[in-house]
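Engineer: Got a structure for you, written out below as structure tokens; questions coming shortly.
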């Protein structure tokens with residue numbers, strides 16, 4: 001039976017914005033870390049989220065109204081990715097390092113209740129028949145291992161969200177974190193050595209990392225912001241992450257003032273790249289280009305308000 005805590009976290013983590021759907025402008029953008037320039041790719045007076053950048057460099061993948069769409073690099077072509085029997089996909093989806101397979105999170109009906117719970121599937125990058133990987137609710141995908149053998153994800157088990165690993169073909173899951181704090185957003189480093197994640201273990205949401213086996217956890221950020229979703233660049237030199245300018249506790253809301261920031265491994269420095277209205281849906285999933293120069297994100301605007 002679903003707990004009240006779990007149901008609240010489902011709302012918080014699934015990226016649903018029903019009240020704002022008809023009054024929201026979403027902009028798919030890319031950022032160049034060498035020039036500090038933003039470029040708008042596509043704008044819709046509708047709600048979409050969480051761009052992936054395909055490994056061939058030709059398309060982005062977003063989620064919108066429970067489906068996944070492929071967006072051309074110039075933003076002029078938008079095509080549904082046909083995935084059988086999954087119509088409630090949320091913003092936790094991503095592409096294997098070899099570019100052949102998609103992992104998706106779908107809000108499935110929980111048997112015996114009127115609620116939905118996220119579970120993880122894999123399918124071809126072209127779509128088709130999905131394979132259920134995590135039978136247990138709730139499970140939100142966040143990362144592929146570079147060798148394609150594992151998925152890492154955030155899951156609620158026994159009334160608590162921790163980070164887990166599971167074989168990408170299915171099998172027994174392994175718990176990698178074990179604390180009463182909310183742990184979220186796990187993602188492998190390009191060499192497979194580390195997993196980056198965010199947690200409120202020290203009282204505020206910060207970026208941490210651990211070895212891929214779950215050992216040697218260390219905190220990397222420590223400031224007044226709420227820091228989420230560290231995405232390492234393919235060259236292993238940086239990670240980009242999103243910061244709420246006002247502390248949000250363990251929540252990850254939409255339509256807040258946020259910044260995208262860049263952590264450099266060489267010296268541990270953090271550079272603020274840009275600020276705008278965003279949050280949930282902005283950069284939940286890996287979105288770097290293969291050249292490690294650009295990444296994609298979504299900014300939002302309430303229609304009728306001045307752009308940020």
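What follows is calculated from the coordinates using simple rules that are stated; it is not laboratory data. Worth saying up front: this structure is predicted, and the values here are computed from it rather than measured. Methodologically, a virtual Cβ is constructed for each residue, glycine included, from the backbone with ideal geometry; neighbour enumeration extends over all protein chains shown.
Engineer: Please build a GNM for the chain, connecting alpha carbons under 10 Å apart, and tell me which residue among 31, 239, 265 fluctuates the most.
Structural biologist: Judging by the Gaussian network model, the answer is 265.
Engineer: Output the relative contact order of the stretch 49-189, whole-number percent, from Cα pairs under 8 angstrom with separation of 6+ residues.
Structural biologist: Relative contact order comes out at 14 percent.
Engineer: Which semi-axis lengths, in whole Å and largest first, follow from the square roots of five times the eigenvalues of the Cα gyration tensor of the stretch 193-271?
Structural biologist: Those come to 20, 15, 10 Å.
Engineer: Something else now. If you project the alpha carbons of the chain onto the principal axes, what extent comes out on each, in Å, largest first?
Structural biologist: Here the Cα extents, ordered largest to smallest, are 45, 42, 37 Å.
Engineer: Taking the stretch 59-160 on its own, what percent of its Cα-Cα pair distances exceed 23 Å?
Structural biologist: 25
Engineer: From the P(r) of the stretch 94-142, can you give the percent of Cα pairs sitting at distances over 14 Å?
Structural biologist: The proportion of pairs with Cα distances above 14 Å equals 50 percent.
Engineer: Rank by packing, highest mean first: peptides 156-166, 245-255, with packing defined as the count of other Cβ atoms within 10 Å averaged across residues.
Structural biologist: Ranking the peptides 156-166, 245-255 by packing returns 156-166, 245-255.
Engineer: When the Cα centres of the stretch 201-259 and the stretch 24-71 are compared, how far apart do they sit, in Å?
Structural biologist: Each part's Cα centre sits 21 Å from the other's.
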